[in-house]
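Can you keep this structure in mind? I'll have questions shortly.
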Amino acid sequence: MSHYIRADGRFAGRDIISVRHLSPEDLEYIFRVSHDMRMLVGRIGSFDLCRGKILANLFYEPSTRTSASFVAAMERLGGSVIGINEVHYSSVAKGESLPDTVRTLECYADVLVLRHPEVGAAAEAAKWCKKPVINAGDGVGEHPTQALLDLFTILEELGGVSGLTVTLLGDLRNGRTVHSLARLLAGYNVRLQLVSPPSLAMPAELLSELDAAGVVVETVARIEDAIPHSDVVYATRVQKERFAQLADYEAVKDAFCITPETMQKAKKKMVLLHPLPRVNEIAVEVDDDPRAAYFRQIEYGLYVRMALLAMVLGRA
Ligand code: CP
């Protein structure tokens, strides 16, 4: 095991709240450890790197992938998990505050993973928690571990990021995964194409950040016009739960759908990603296309989350 896992304590005790806090060296290190985790899981499945450590997995919003992959990651590292996936059955239902919940769980656990509907909730939790806090999605804010696994997927599938044209498609206003990914990609030499209904355009603040970072950003009205130039297409779900009026959601919910016909216009070497869950953004007939990488992307997430847990616990 020591052949693969390099000793480096730079992440021990650190919170993972926003991709903005990660330097290029941090990213290189995370991806190197993630790659090591991939190799190790392929060889031996599970190992005892985090034996004796406990993760508190606290989810105030629904999740399949993020929650399950953190559980799987901790168990493959030999640790164990306190899972609170349905906060209505916890003392949150009695009115307990986030700080009190966090200060309770830190008494039992060594690391806290938090998904919460409010922007800034993970940062707030980290203020109260002496143990490392990992943001698993805070409202329409960020989803840093998803963006890390998205970028890791691109690296593993295409061998690099520099020079790529990346198309971000769908709900660019409310999609926290796309916010974190755009910020991460700004650190690389990429060109971005943005495809969304006007009402779901990327927030102006984020566009300013990309501009300040010198990223070339082009808005394209139709995916059919963007896909021929794309090395990566990152499709996202229209986030129904973020709309105040159902009619506004209904007006845009089926704005885009990638079909086998759309894929005929794409390069032979490209990857189609989606953080999932999908609703109507990618037809199931596309799933067998070798460029459709969204189920492989889920597996890459396991390795990235194993790496992050081991790193913040000082075991990688
Ligand atoms: N990608 C993602 O965050 O999926 P879940 O909502 O299922 O965790």
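The values are calculated or read from the model by the stated rules, or taken from the named source; none is laboratory data. These numbers come from a predicted model, not from an experiment. Counting neighbours? That spans all protein chains shown, and the Cβs are built from the backbone with ideal geometry, glycine included. For accessibility, only protein heavy atoms count, side chains too; no ligands or nucleic acids. Shrake-Rupley method; radii C 1.70, N 1.55, O 1.52, S 1.80 Å.
If only one of E218, E241 is under 27 Å from L148 (Cα atoms), open to solvent by 60 Å² or more (accessible area, probe 1.4 Å), out of contact with any Asp or Glu (no Cβ under 7 Å at 6 or more places or on another chain) and part of a helix (DSSP H, G or I), which one is it? Step through it out loud before you land on a result.
Numbers: E218 fails: part of a helix (DSSP H, G or I).
Sole residue among the options that is under 27 Å from L148 (Cα atoms), open to solvent by 60 Å² or more (accessible area, probe 1.4 Å), out of contact with any Asp or Glu (no Cβ under 7 Å at 6 or more places or on another chain) and part of a helix (DSSP H, G or I): E241.
Ok, one more. Please work out which one of (1) open to solvent by 40 Å² or more (accessible area, probe 1.4 Å); (2) without any contact (Cβ under 8 Å) to a residue 24 or more places away in the chain is the condition G83 fails and give its number.
(2)
This table checks each residue for (1) crowded, with 20+ Cβ neighbours inside 10 Å; (2) among the β-branched types (V, I, T); (3) in contact (Cβ under 8 Å) with a residue 24 or more places away in the chain; (4) within 16 Å of the ligand (Cβ to nearest atom).
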{"position": "V102", "(1), (2), (3), (4)": "yes, yes, yes, no"}
{"position": "P117", "(1), (2), (3), (4)": "no, no, yes, yes"}
{"position": "K131", "(1), (2), (3), (4)": "yes, no, yes, no"}
{"position": "A147", "(1), (2), (3), (4)": "yes, no, yes, yes"}
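Condition (residue is assigned by TED's automatic domain parsing to the domain that holds T259, assigned to a loop (DSSP other than H, G, I, E, B), farther than 24 Å from F70 by Cβ and at pLDDT 95 or above) applied to region 137-158: is it met by at least one residue?
no
Can you work out which of the residues in region 266-296 that are part of a helix (DSSP H, G or I) and either among the small types (G, A, S) or without any contact (Cβ under 8 Å) to a residue 12 or more places away in the chain (or both) is most open to solvent (accessible area, probe 1.4 Å)? I'd like the intermediate steps shown before the answer.
The initial filter retains those residues of region 266-296 that are part of a helix (DSSP H, G or I), namely 284-286, 294-296.
Retained after the next criterion (residues that are either among the small types (G, A, S) or without any contact (Cβ under 8 Å) to a residue 12 or more places away in the chain (or both)): 284, 295.
Working: V284: 92, F295: 116 Å².
If we take residues in region 266-296 being part of a helix (DSSP H, G or I) and either among the small types (G, A, S) or without any contact (Cβ under 8 Å) to a residue 12 or more places away in the chain (or both), then F295 is most open to solvent (accessible area, probe 1.4 Å).
Which condition number in (1) away from the ligand (no atom under 16 Å from the Cβ); (2) at pLDDT 95 or above; (3) surrounded by fewer than 19 Cβ atoms within 10 Å (Cβ to Cβ) is the one that S63 fails?
(1)
Which residues, taken from region 297-316, are open to solvent by 10 Å² or more (accessible area, probe 1.4 Å) and part of a loop (DSSP other than H, G, I, E, B)? Show your work before the answer.
Within region 297-316, the subset open to solvent by 10 Å² or more (accessible area, probe 1.4 Å) is 298-300, 302-303, 313-315.
L313, G314, R315 - these are the residues of region 297-316 that are open to solvent by 10 Å² or more (accessible area, probe 1.4 Å) and part of a loop (DSSP other than H, G, I, E, B).
Provide a single number: the residues in region 30-60 that are away from the ligand (no atom under 16 Å from the Cβ), outside any loop (DSSP other than H, G, I, E, B) and not basic (K, R). So that I can check it myself, show each step before the final result.
To start, the set of residues in region 30-60 that are away from the ligand (no atom under 16 Å from the Cβ) comprises 30-54, 56.
From what's left, outside any loop (DSSP other than H, G, I, E, B): 30-44, 54, 56.
Checking the rest, the ones that are also not basic (K, R) come to 30-31, 33-37, 39-42, 44, 54, 56.
Number satisfying all stated conditions: 14.
If you go through region 198-221, how many residues are touching a residue at least 24 places away in the same chain (Cβ under 8 Å) and farther than 23 Å from I154 by Cα?
Residues meeting the conditions: 5.
Given the conditions (1) open to solvent by 10 Å² or more (accessible area, probe 1.4 Å); (2) modelled with pLDDT under 95, and given that D171 satisfies all but one, which numbered condition is not satisfied?
Exception for D171: condition (1).
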